[in-house]
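Structure first, then comments.
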Amino acid sequence: MKTTTINIDPAQVIDVVSPLLFGGFIEHLGRCVYEGVYDPDSGVADEDGFRTDVMAALAELQMTIMRYPGGNFASGYHWEDGVGPRDDRPTVRELAWQSIETNAFGTDEFIKLCRKMSWEPMLAVNLGTGSPEEARNWVEYCNSAPGTQYADQRVGNGSKDPYGVKYWCLGNEMDGPWQLGHVPADQYAIRAQQAAKMMKGCDPGIETIACGSSWPGMPTFPEWDREVLTYVGTLARYISLHRYVGNPNNDPLEYFATGSLVDKQMEVIDATCRHVQAVNGSRRRHFLCFDEWNVWYKDRKGNGEGKIAPALIEEDYNFEDALVVAQFLNSFIRHANIVKIANLAQVVNVIAPLKTRGDELLKQTTFHAFRLFSECKSGRSLRLALTGDTFDTDNGPVACLDASCIHAPEENRLTLFLINLSPTDDMNVTASLHGLNATSVAGDIMHSADLKALNTFENPDQVNSEEFANVSLTSDGLKTELPAASLVRLNLEIPS
């Protein structure tokens, strides 16, 4: 039996949890767009060609912001190919994933989907094969009032009112040799600075995200980030981070160290941001945008072989994968003061919580983990003091309990997200609330005795959440017993 004690002090506020931490990502990759969110030939499509079953499921996840159109795809994408009458849009061979792109889905369709879903749109401009001027023109198309060339083009395509797209990524993974148009940091910084200046000249209200290091394993991490931010300065409000993880060695303890590694990645880049702020003498700091993150290691096929919407990187997620997704979200909440945007990559079919098969839809294990967090995302992140058992990894000791806490006094609610990372031992947890008077507690749990359990079209509810009652209030807090390898959400009612 493992043990952990938690001290929860309502005065130890990290920051308000940004609702934009619970975002998603749609890329023209595999079956994410076609046969995913957009499938006019489907029997469950609405009048605009969007799949109603996919939209209903994504609504359950209560996502807040959606990134588009890539990803690697963005570095070869020319936005004008995807607007205007569909019969006039070119069919092209895209080089990121070696697929055929019909351009049937483009900017206007994406914005329409965002409006239906109440998502904040987030666009990634092409700074690989594209130009800063092309990026500026896209801002005009989306955000300018009628009366100029590209704004009038939007009007002619059926949208008189500007779209008001606030968040713009200045390219994608430009530090990676695999990226179309990859250049060294100093050359990317020039492109990004030129693009950001022109884009903000068109609409001063937008926020831009500079490309940071693709992942901590890059040889230029975090020097790339320092060099880019030093040059671009406050023309970019955010720097991007990406992280994909997996368990190729079938070692659950090493896999369950993911949360601590994500913590370290964000803290290193935040230190870099603060260094740049000091060197540049700026009063305005940079925040982190974790705009690609997920589990990805089983299906690595990324060559579309010249096909339209081929099945690429369609991961089957098991229960241990769901626990790791939950660790990412705990880490984001624990760092609410520095990370303000995060995008699960992606939302359907491609390394996604949802999969389609014909007109069928499957909710993967990771769907339920994300939902448990997103349902209770509003409030202030509290700094927790944990004392308890640990386990050893190649990267040092890791606490057996991975946790985060959100206090929402306006809703008379305090939410604890608890993950028992021990695959073999249950855990006794006691928590002190330091004067907060909880009057009731309600729990939900994800648990499976089989770490490899997964949901299939034939058995879609193998892994889900259910009510958790093994928790009780004490005179100064609560106590509970967590099963081995489990995710528990506790909602405490705290009258004001």
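Nothing in this text is a laboratory measurement; each read-out follows from the coordinates by a stated rule. Note that the structure is predicted; figures quoted are calculated from it, not measured. So basically every Cβ, Gly included, is an ideal-geometry build from the backbone, and we count neighbours across all protein chains shown.
Miscellaneous remarks
- Considering only Y188, H275, A352, and ranking their Cα positions along the charge dipole of the chain that arises from unit charges at the beta-carbon of Lys, Arg, Asp and Glu, the one farthest toward the positive end is H275.
- Listed by chain and number, the aspartates and glutamates whose alpha-carbon sits under 13 Å from that of K301, ignoring those within fewer than 8 places in the same chain, are E314, E315.
- Projected over all directions and averaged, the alpha-carbon convex hull of region 340-496 occupies 11.2 nm².
- Normalising by residue count, region 378-426 has a Cα convex hull of 103 Å³ per residue.
- Packing-based ranking, highest mean first, of 321-327, 393-399, 206-212 given that Cβ atoms within 10 Å are counted: 321-327, 206-212, 393-399
- By the Cα gyration tensor, region 343-432 has an equivalent ellipsoid whose semi-axes, rounded to whole angstrom, run 29, 21, 12 from largest to smallest.
- Over region 270-362: Rg over Rh, Cα atoms, Kirkwood Rh: 1.13
- Taking a Cβ cut-off of under 13 Å around Q277, the surrounding Lys, Arg, Asp and Glu residues balance to a net charge of +4, with basic ones at +1 and acidic ones at -1.
- Phi-based couplings in Hz for region 24-32 (Karplus 6.51, -1.76, 1.60; Gly and Pro marked x): x, 8, 10, 10, 6, 9, x, 10, 6
- Placing +1 on the Cβ of every Lys and Arg and -1 on the Cβ of every Asp and Glu, with nothing else charged, gives the chain a dipole about its Cα centre of roughly 1420 debye.
- In terms of packing, defined here as the mean over residues of other Cβ atoms within 10 angstrom, the peptides 289-295, 358-364 line up highest first as 289-295, 358-364.
- Loop-resident sites, region 429-493, for trypsin sites (Lys or Arg not before Pro), counting at most 14 other Cβ within 10 Å (DSSP): K452
- Region 324-395: radius of gyration over Cα atoms, expressed as a fraction of 2.2 N^0.38 Å: 1.40
- Distance in nm between pseudo-label sites at I100 and S282 (7 Å out along the Cβ direction from Cα): 4.5
- Restraint check, K166/K355; K340/K377; K2/K340; K307/K452; K264/K340, Cα-Cα greater than 22 Å: K166/K355; K2/K340; K307/K452
- Given their separation in residues at 0.36 nm each and the Cα-Cα distance between them, T390 and K264 gain 43.6 nm when the chain is fully extended.
- Amide H contacts for S213 (H built 1.01 Å from N in the peptide plane; partners 5 or more residues away or on another chain; cut-off under 5 Å): D225.
- Here the calculated FRET efficiency for S475 and D88, from their Cβ-Cβ distance with R0 = 51 Å, stands at 0.10, rounded to the nearest 0.05.
- Calculated SAXS-style log₁₀ I(q)/I(0) at q = 0.28 Å⁻¹ - region 106-167, Debye, Cα scatterers: -1.26
- Once the Kirkwood radius over Cα pairs is known for the chain, the Stokes-Einstein relation at 4 °C and 1.567 mPa s delivers a diffusion coefficient of 56 µm²/s.
- A cut-off under 13 angstrom between Cβ atoms defines the neighbours of D425, and their net charge, with Lys, Arg +1 and Asp, Glu -1, is -2.
- The Cα atoms of region 259-306 cover 50, 30, 12 Å along the three principal axes, with the biggest extent listed first.
- Computed over the chain, the per-residue total of -39500 (n - 2.57) for DSSP H runs of n ≥ 4 gives a 222 nm mean residue ellipticity of -7500 deg cm²/dmol, rounded to 500.
- Computed from the Cβ-Cβ distance with R0 of 22 Å, the FRET efficiency linking K301 to Q462 stands at 0.30.
- Kyte-Doolittle mean at least -0.5, axial Cα span of 27 Å or more - DSSP H helices of the chain: 258-280
- In region 114-211 the Cα-Cα distances spread across 10 Å bins starting at 0 as 17, 45, 29, 10, 0 percent of all pairs.
- When region 18-130 is reduced to its Cα atoms, the Kirkwood hydrodynamic radius in Å: 14.5
- Every pair of different Cα atoms in region 398-477 enters the Kirkwood calculation, which places the hydrodynamic radius at 15.1 Å.
- In this structure, T52 and A449 have a Cβ-Cβ separation that, at R0 = 30 Å, corresponds to a calculated FRET efficiency of about 0.25.
- Here region 224-252 is scanned for amide nitrogen atoms under 20 Å from the site 7 Å beyond the Cα of A271 along Cα-to-Cβ, giving 224-230, 239-243.
- For q = 0.11, 0.15, 0.26 Å⁻¹, Debye-computed log10 I/I(0) when each Cα of region 431-496 counts as one equal scatterer: -0.35, -0.57, -1.11
- Amide H to amide H distances under 5 Å link K2 with D426, M427, N428, where only residues 5 or more positions off or on other chains count and H is placed in the peptide plane.
- Inter-label distance, nm, simple model (7 Å from Cα along the C-beta direction), A311/K197: 5.0
- Proximity of backbone amide H atoms, modeled 1.01 Å from N, is registered between Q98 and G304 at under 5 Å, excluding neighbours fewer than 5 places apart on the same chain.
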